[in-house]
Amino acid sequence: MAVPEGLFAEPKGTHVWDAYRTAYKAKYSVEPVRNAKSNTLCAQLVLRLGGDAAVNVVGFYLTHNKSWYVQNLHSLDYCVKDCEALHTQWLSDHRVSTSEANQTDKRQATMDVFQRVAAKLQAEEDAKRGTS
């Protein structure tokens with residue numbers, strides 16, 4: 001009887017797990033927990049990013065010191081949740097920190113206020129011209 005093809009194939013996320021485990025141990029000096037959930041999360045990274053990119057992104061993730069990632073000890077949950085954003089940050093070699101995001105948000109809010117004031121002043125100027 002022939003063995004069905006793929007029966008003993010390596011699980012989809014094996015290389016991702018290996019990269020995560022190595023980077024996690026280097027960062028925290030302990031082994032991460034490996035269970036059915038972590039295996040599923042590694043496979044999800046492969047499905048969403050492709051094998052090579054998933055391996056690179058999970059390694060990059062462990063170097064990312066965004067406060068939420070550090071606070072949660074670089075749980076695989078957040079790597080999967082943010083994998084497309086992490087992929088972009090990995091490719092551009094630009095880690096977006098919480099501080100940077102907050103500064104960008106404040107700049108946008110300030111610009112929005114100035115734009116509203118400018119629009120109001122322009123409307124008042126237009127109104128004056130229309131009544132003269």
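Observations on the structure shown:
Conditions (1) outside the structural domain of ASP52 (by TED's automatic domain parsing); (2) under 30 Å from LEU62 (Cβ atoms), marked per residue:
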{"site": "THR88", "(1), (2)": "no, yes"}
{"site": "ASN102", "(1), (2)": "yes, yes"}
{"site": "LYS106", "(1), (2)": "yes, yes"}
{"site": "THR110", "(1), (2)": "yes, no"}
{"site": "PHE114", "(1), (2)": "yes, no"}
{"site": "ALA119", "(1), (2)": "yes, no"}
{"site": "ALA127", "(1), (2)": "yes, no"}
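- Residues of region 13-33 that are assigned to a helix (DSSP H, G or I), of a type in the set (Asp, Glu) and over 10 Å from VAL55 (Cβ atoms): none at all.
- Residue check, LEU41 surrounded by 12 or more Cβ atoms within 10 Å (Cβ to Cβ) and under 15 Å from HIS15 (Cα atoms): yes
- Scanning region 72-95 for residues that are closer than 17 Å to HIS15 by Cα, aliphatic (A, V, I, L, M) and outside any helix (DSSP H, G or I) turns up nothing.
The values are calculated or read from the model by the stated rules, or taken from the named source; none is laboratory data. In this text the structure is predicted, and so the values were computed from the model without any measurement. Neighbour counts are summed over all protein chains in view; Cβ atoms, including those assigned to glycine, are modelled from backbone coordinates with ideal geometry.
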